[in-house]
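The block underneath contains the structure these notes are about, expressed in structure tokens.
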Amino acid sequence: MEDIDMAFGHMMAGPSSAASVPPSTTTASFAGTGSHGTPSQYTASYASPPSRTPAFVSSDASATGLYTMPSSYRSPMPPPPGPLPSSAATYIPAEAMDGMMSMAAVNAIDSDVIQQEVRLGIATLANLAQDVTTDRVDTFRSADTISTILSGMWRFERDEMVQENGVQFLHYLTHPASHSHLRALIMSLGGISTVLRAMHLFPTTLSLQQTCCTFISKMVTHDPVALDSIITLQGMDLVVLAMRMHRLEERIQEAACQALESMMRLGEGLEMDIVSGGGMEAILHAMWQFEGNSLVQQNGCSSMGLLCAQDDGNKRLALEAGVIETVLGAMQRHPQNNEIQRAGCVALYNISNNYGAALRRCLEENAVSVVRQASHHDEESANRLLRSLRIQRYRSRVF
């Protein structure tokens, strides 16, 4: 038992929150009235942008006031746990079995001993779920096993360790793509609302916030039907809030950028909600802060392209915020990354399409040479953008 506690101690510690502020930084304080443990005030520090500051960012933005926790977090309630699958005893250690049996009795007995057993049981199962092999997956296929975990999370919703390891357990079951039956069970038993509630209740727990963002991204990518539930339960706002509260935490920013990009790519009409909720600003700050992180840059460029694909207002905001400079910078710093080069070309084209001011900015920032280099990675997207830039340059000379 001590070995299990020690093993999970490292996982639950998470990255240090005392990150040092880079030399060139801006510090902003956000205040808001939170509930259910949400802090009423925090301070976020982030790297200054390469040139311009987003003109659309309100100076009195209230990060903790982004959303109000909907009552649907409480629906549907997981059914009472039933008998465990017969194969469970083959793979699940005694500590986990004891914890799961305790979870089955939580409605009848409420004691610290039960809570400790539930805590250890969920932690052990989260560890096992990291390697869901072909044989072991049958253990977790049962709705009873998943509902047992969810019941423990609901009963001890204020226990940080229960929530953190419960979210880890559910997160491990969301991938690979072939485990569609497990994701379907998670959705049908209220797993999405359970994860988002944990995200709401523990906004300062770094590893939990990162895992929740990854869970959202995986669920949306593999099962787009999950997107409706996530949007209804304001999961998008929770992701943006995590980015704003933890601007210096690279893994949270990486997971959150991927989650937002997945939601925009697979959803329809979410662009204005993300911009109005501070998503564009949050993604840009992540790109400025973590210039060397290829996943942040890739998902950031892709997100900017999606935000500006249809909406002229978003194009104007993107131009004022310095998106063109940011995307070009990402392409220059990652010249051999195919995905960044492709996403960068698409983003620049979408921002500047039928928008002369953006085309002129691209020319001012020497975009032609950067896009020519990108043509080695994505000739179609690069040539489409180069044609628009050549036309704009010709018009400027003629008129």
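Accessible area per residue (1.4 Å probe, heavy atoms of protein chains only) ranks Lys218, Lys315 as Lys218, Lys315, with the largest value leading. The residues packed around Asn337, meaning those with a beta-carbon under 14 Å from its beta-carbon, carry a net charge of -1 if Lys and Arg are +1 and Asp and Glu are -1. Accessible area per residue for the range 275-398 is 42 Å², calculated with a 1.4 Å probe on protein heavy atoms, without ligands, DNA or RNA. Within a Cβ distance under 13 Å of Leu260, other residues only, what is the Lys/Arg minus Asp/Glu net charge? Residues near Leu260 contribute -4 overall. When you restrict to C-alpha pairs under 8 Å that are six or more residues apart and normalise by the size of the range 275-398, the relative contact order lands at 23 percent.
The length gained by stretching the chain between Val225 and Thr204 to full extension, at 0.36 nm per residue less their Cα-Cα distance, is 4.7 nm.
Packing, as the average of other Cβ atoms within 10 Å across residues, places the peptides 337-347, 369-379 in the order 337-347, 369-379, highest first. Tell me the carbon and sulfur percent of the accessible area for the range 116-231, rounded to whole percent, probe radius 1.4 Å. Roughly 48 percent of what the probe reaches on the range 116-231 is carbon or sulfur. The length gained on full extension between Gln116 and Arg387, counted as 0.36 nm times the residue separation minus their Cα-Cα distance, comes to 91.1 nm.
Charges were assigned to the Cβ only: +1 to each Lys and Arg, -1 to each Asp and Glu. The resulting dipole of the range 275-398 about its Cα centre is roughly 580 debye.
Between rounded, prolate and oblate, where does the range 275-398 land on the alpha carbon gyration tensor, with a ≥ b ≥ c its root eigenvalues, rounded for a/c under 1.5, else prolate if a/b exceeds b/c? Verdict is oblate for the range 275-398.
The values are calculated or read from the model by the stated rules, or taken from the named source; none is laboratory data. Keep in mind the model is a prediction, meaning the values are calculated, not measured. Counting neighbours? That spans all protein chains shown, and the Cβs are built from the backbone with ideal geometry, glycine included. Quick note on the areas: whole protein, heavy atoms, side chains included, nothing else; ligands and nucleic acids left out. Shrake-Rupley method; radii C 1.70, N 1.55, O 1.52, S 1.80 Å.
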